[in-house]
1. So which of 44, 24 is at positive phi and at pLDDT 90 or above?
2. Please go through the range 24-56 and pick out each residue that is surrounded by 10 or more Cβ atoms within 10 Å (Cβ to Cβ) and of a type in the set (D, E, K, R).
3. Return the only residue of 59, 9 being touching a residue at least 40 places away in the same chain (Cβ under 8 Å) and either loosely packed, with under 11 Cβ neighbours inside 10 Å or part of a helix (DSSP H, G or I) (or both).
4. Report, by residue number, each residue of the range 18-72 that is farther than 27 Å from residue 6 by Cβ and of a type in the set (Ser, Thr, Tyr).
Amino acid sequence: MGSPRYVYDILEIVKKGYVNQLTEHLNTVDTKGSIKFTNEEEVEGMLPFPDFLIVRNEDGSVKLLVYRKTTH
């Protein structure tokens with residue numbers, strides 16, 4: 001029987017150009033390799049997050065919409 005698997009979602013705002021650098025750094029913190037960080041970047045001003053969709057408007061404001069996967 002393997003170890004339990006936990007998945008946590010973290011939302012953070014990172015300056016453009018530093019996302020991969022931050023992700024690589026976070027993945028060096030756990031020397032055993034049991035914690036793995038990944039990242040997703042917005043596509044066409046949208047970023048799906050559990051239960052909601054973050055939409056960046058042209059004026060820089062942000063709105064949140066209820067998000068359901070197509071399999072819902």
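The values are calculated or read from the model by the stated rules, or taken from the named source; none is laboratory data. Computed from a prediction, not measured in an experiment: that's the story for all the values here. Don't worry about glycine lacking a Cβ; one is built from the backbone with ideal geometry, like all the others, and counts go over all protein chains shown.
1. On the way: 24 fails: at positive phi.
Just one listed residue meets the conditions, 44.
2. Within the range 24-56, 24, 30, 40, 42, 51, 56 meet the criteria.
3. That would be 9, the only listed residue that is touching a residue at least 40 places away in the same chain (Cβ under 8 Å) and either loosely packed, with under 11 Cβ neighbours inside 10 Å or part of a helix (DSSP H, G or I) (or both).
4. Once the filter is applied, which keeps residues that are farther than 27 Å from residue 6 by Cβ and of a type in the set (Ser, Thr, Tyr), the range 18-72 yields only 61.
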